[in-house]
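Inspection log for the structure reproduced underneath, given as structure tokens.
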Amino acid sequence: METQIRNRLVLIPPPFQGHITPMLQLATILHSKGFSITIAHDNFNSPNPSNHPNFSFLPLFYGLSETQISSKNFVDITATLNAKCVSPLKELLVDQIEKANMNHEKIACVIYDGLMYSIESVARELKLASIILRVTCATNLLTYHAVVQRQSTDCMSLDMVPELEPLGFKDLPMLNSHVMQQQIAKTLAVRPSLGVIYNTVNCLEGKSLHRLHELYKVNVFPIGPLHMIAEDSSSSSCVEEDYSCIGWLNNQATKSVLYVSLGSIASWDEKELTEVAWGLANSKQKFLWVIRPGTINDVSEWLESLPKEVKVAIEERGCIVKWAPQREVLAHQGVGGFWSHCGWNSTLESLCEGVPIMCQPHFGDQGVNARLLSRVWKVGLEWSNVIERNEVERAVRRLMVNEEGKEMAQRAFKLKNEIKLAVKAGSSYDALNGMVDSILSVNL
Ligand code: UDP
């Protein structure tokens, strides 16, 4: 009797939380479709293999130095990842191909993050099918395309970018170093053999997805939101989540709490934290606030240093944690708003739960996400973005108390249902099946 060959996929995320999470969600989805999964990963920010017993984890070292890691210079880190991954990845894949042959398996496809553009050459050399996972929104890719195509733009201009309206020239990303320009040009130039997965939904970004397909002529698979499709995925958090805040939320009135978190990278300095504390206290709203370790030296000391009235307000109306189980938090009925840096994962997680957002983009794609939230989907609050107590108080009350916040919440509720439908039986469901078919058909 002929033994059936199993298909194995090798997935390669870069070592950043916002990129690891969607890649592991994708791995969970593809495992449920019958593929065996290998994750190649660096020691730095490594996910915990024991949380993912169905996957094999293999070390792929990029040789990042401590100084580089602590510098948080992502352009520099990305350059190193791309420069250093080629040779160890080739060795790893050659070894995996041999092992697969002995185990009645086949390496059916290499799936890598869009930041790791050098991987395509390795896949081609080894004649392996390839797919890119893009973890930003589709429109973000188009903003890079617009910048690269125009060579230079007046980033202060208030005019609209004709093909990206309602995004203006000032919303386009600034490529402020030659290395960064090169990296963007390289990632846009990559043509993976099977196509590109976007962690987005057709009902959110149909027009942008269509344009990307027209521009790059590779298959487009909008299989998002990945976290929603990978329903039972275990935590991929690099930091321990503090579940005590769920107990606190259980005691709060429906939609009364503002969840405040800037994701895994952006942060406020001590002066800003104090203004935020004042603003939240004066808004008289309940809040759940994530202050990551390392944001300031000693959170307890800082809390102690606050004036008594702010301390009392935090004790009475607030809950502060180091890292929250964010998806559970956003799904909790007590949460009525999210003050967010508008990272794409946070944006999607909030949209899926119908939670309107107070937008405070910091860098990268966050500005584009914020514009989409406020101007296209109209579920995000644009405000001055000035971290000063009166500005904060006013913005929080606009979102949590005023009519405009309630209208945003209604629109967010509608959008949540559209997204659910796309996942259950609509565009995301179809795109996933289409992608699985294309992997299987090249491996017949
Ligand atoms: N996150 C979390 N707990 C927190 C803060 C963030 O689990 O207290 C998760 C969040 O659910 C999201 C990810 O961290 O999946 C942050 O990704 P995002 O793209 O929003 O921002 P980044 O961290 O990349 O800036």
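Every test in (1) farther than 20 Å from N369 by Cβ; (2) surrounded by 20 or more Cβ atoms within 10 Å (Cβ to Cβ) is passed by M228 save one, and that test is (1).
Return yes or no: is T295 of a type in the set (S, T, N, Q), closer than 21 Å to E241 by Cα and surrounded by fewer than 20 Cβ atoms within 10 Å (Cβ to Cβ)? Judged against the criteria, T295 is a match.
Among the helices (runs of 4 or more DSSP H) confined to the stretch 327-444, the ones with at least 3 residues that are within 30 Å of H31 (Cβ to Cβ), in contact (Cβ under 8 Å) with a residue 60 or more places away in the chain and within 16 Å of the ligand (Cβ to nearest atom) are located at 344-352. Quick check, is A123 part of a helix (DSSP H, G or I) and closer than 14 Å to V218 by Cβ? Yes: the conditions hold for A123. Residues in the stretch 278-292 include at least one that is more than 30 Å from A138 (Cα to Cα), in contact with a helix residue (DSSP H, G or I) (Cβ under 6 Å, 6 or more places away or on another chain), surrounded by fewer than 19 Cβ atoms within 10 Å (Cβ to Cβ) and not basic (K, R).
Do the conditions hold for G337, that is, is it at pLDDT below 95 and within 23 Å of the chain's Cα centre (by Cα)? No: the conditions fail for G337.
Selection of first residues in the stretch 119-135 that are closer than 9 Å to S193 by Cα and of second residues that are of a type in the set (A, V, I, L, M, F, W, C) and assigned to a helix (DSSP H, G or I), restricted to Cβ pairs under 6 Å at least 6 apart or on distinct chains, gives the following pairs, ordered by first then second residue: A129/V442; S130/A123. When G343 is tested against the conditions (1) under 22 Å from K416 (Cα atoms); (2) surrounded by fewer than 18 Cβ atoms within 10 Å (Cβ to Cβ); (3) not polar (S, T, N, Q), the lone failure is (2).
Of note, K286 satisfies the criterion of being touching a Ser or Thr at 6+ places or on another chain (Cβ under 7 Å) and either of a type outside the set (A, V, I, L, M, F, W, C) or under 23 Å from V335 (Cα atoms) (or both).
Taking E272 as the residue in question, decide whether it is in a loop (DSSP other than H, G, I, E, B) and surrounded by fewer than 17 Cβ atoms within 10 Å (Cβ to Cβ). No. Checking I296, I265 one by one, the residue that is under 29 Å from the mean Cα position of the chain (by Cα), assigned to a loop (DSSP other than H, G, I, E, B) and within 15 Å of the ligand (Cβ to nearest atom) is I265 and no other. Residues in the stretch 312-326 that are in contact with a Lys or Arg (Cβ under 7 Å, 6 or more places away or on another chain) and touching a residue at least 40 places away in the same chain (Cβ under 8 Å) were compared, and the one that is farthest from the ligand (Cβ to nearest atom) is K322.
When the stretch 109-137 is filtered for residues that are away from the ligand (no atom under 15 Å from the Cβ) and hydrophobic (A, V, I, L, M, F, W, C), the ones remaining, listed by number, are C109, V110, I111, M116, I119, V122, A123, L126, L128, A129, I131, I132. In the stretch 88-112, the residues that are over 12 Å from R8 (Cβ atoms) and touching a residue at least 12 places away in the same chain (Cβ under 8 Å) form Cβ pairs under 6 Å with partners that are of a type in the set (V, I, T) and surrounded by 17 or more Cβ atoms within 10 Å (Cβ to Cβ), at six or more places apart or across chains, as follows: L89/V122; K90/V122; Y112/I12; Y112/I119. The test for being out of contact with any His (no Cβ under 9 Å at 6 or more places or on another chain), charged (D, E, K, R), surrounded by fewer than 19 Cβ atoms within 10 Å (Cβ to Cβ) and under 19 Å from K284 (Cα atoms) does not hold for R375.
Among the residues of the stretch 299-311, those that are surrounded by 10 or more Cβ atoms within 10 Å (Cβ to Cβ) and not in a loop (DSSP other than H, G, I, E, B) comprise V299, W302, L303, S305, E309, V310, K311.
The values are calculated or read from the model by the stated rules, or taken from the named source; none is laboratory data. Computed from a prediction, not measured in an experiment: that's the story for all the values here. No Cβ is skipped: glycine too gets one built from the backbone with ideal geometry, and neighbour counts run over all protein chains shown.
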